[in-house]
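S.K.: One structure is given below, represented as C-alpha cells, and several questions about it will come after.
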C-alpha cells in the first residue's frame, strides 16, 4: 500500500477483529501511542454509551406517553383499531364523470377509461371522437 492511500474503516475493523492480529498490532506500538489510543477509545465509548442511554430514555418516554393515551382511550371505551380506519372502508377516488350515450335506443355508460364498449368503438372508428358527442345524453 502506498503512503497516500488509506484503508477504509471497515477494512481496519475487519483486520483488528482477530485477537491475534490485534495483539500483534498493539505490541508493535509504542506505549505512549497505546495510552493515547486507550484514552481516545474510553472517551468515544463514554460518548456512545451516553448517546444510547439518551436514545433509550427517549424511547421509554415515548412508550410511556403511548401507554397513557392508550389507557385514556380504553377508559373512554375506544379501541385503538377503531382509530385506524374509522369503521369505513377506504373509497377509491373517482376517475371522472360517467358519460351516457344513446345508440339505437340502447343506453351505454362509459367512464372515459379503459376500452370503449363495442358500439362506442364502432362510432369512433366511423365518425371519430367528435362523433360521440352526437349520441351523448346530457345530465343537465
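The values are calculated or read from the model by the stated rules, or taken from the named source; none is laboratory data. What you see is a predicted model, and the numbers here were worked out from it, not measured in a lab. Here the Cβ positions follow ideal geometry from the backbone for every residue, glycine too, while neighbour counts run over all protein chains shown.
S.K.: If a residue has to be part of a loop (DSSP other than H, G, I, E, B) and surrounded by 10 or more Cβ atoms within 10 Å (Cβ to Cβ) to count, how many in the range 17-32 make the cut?
M.R.: Selection size over the range 17-32: 2.
S.K.: Given the structure, is residue 103 at pLDDT 80 or above, surrounded by 11 or more Cβ atoms within 10 Å (Cβ to Cβ) and over 30 Å from residue 138 (Cα atoms)?
M.R.: So residue 103 does not fit the description; no.
S.K.: If we keep just the residues of the range 84-100 that are surrounded by 10 or more Cβ atoms within 10 Å (Cβ to Cβ) and at pLDDT 75 or above, which is nearest to the chain's Cα centre (by Cα)?
M.R.: Per the stated criteria, the residue is 98.
S.K.: Right, something else. Tally up the residues in the range 106-129 that are modelled with pLDDT of 85 or more and either under 30 Å from residue 73 (Cβ atoms) or part of a helix (DSSP H, G or I) (or both), please.
M.R.: Selection size over the range 106-129: 10.
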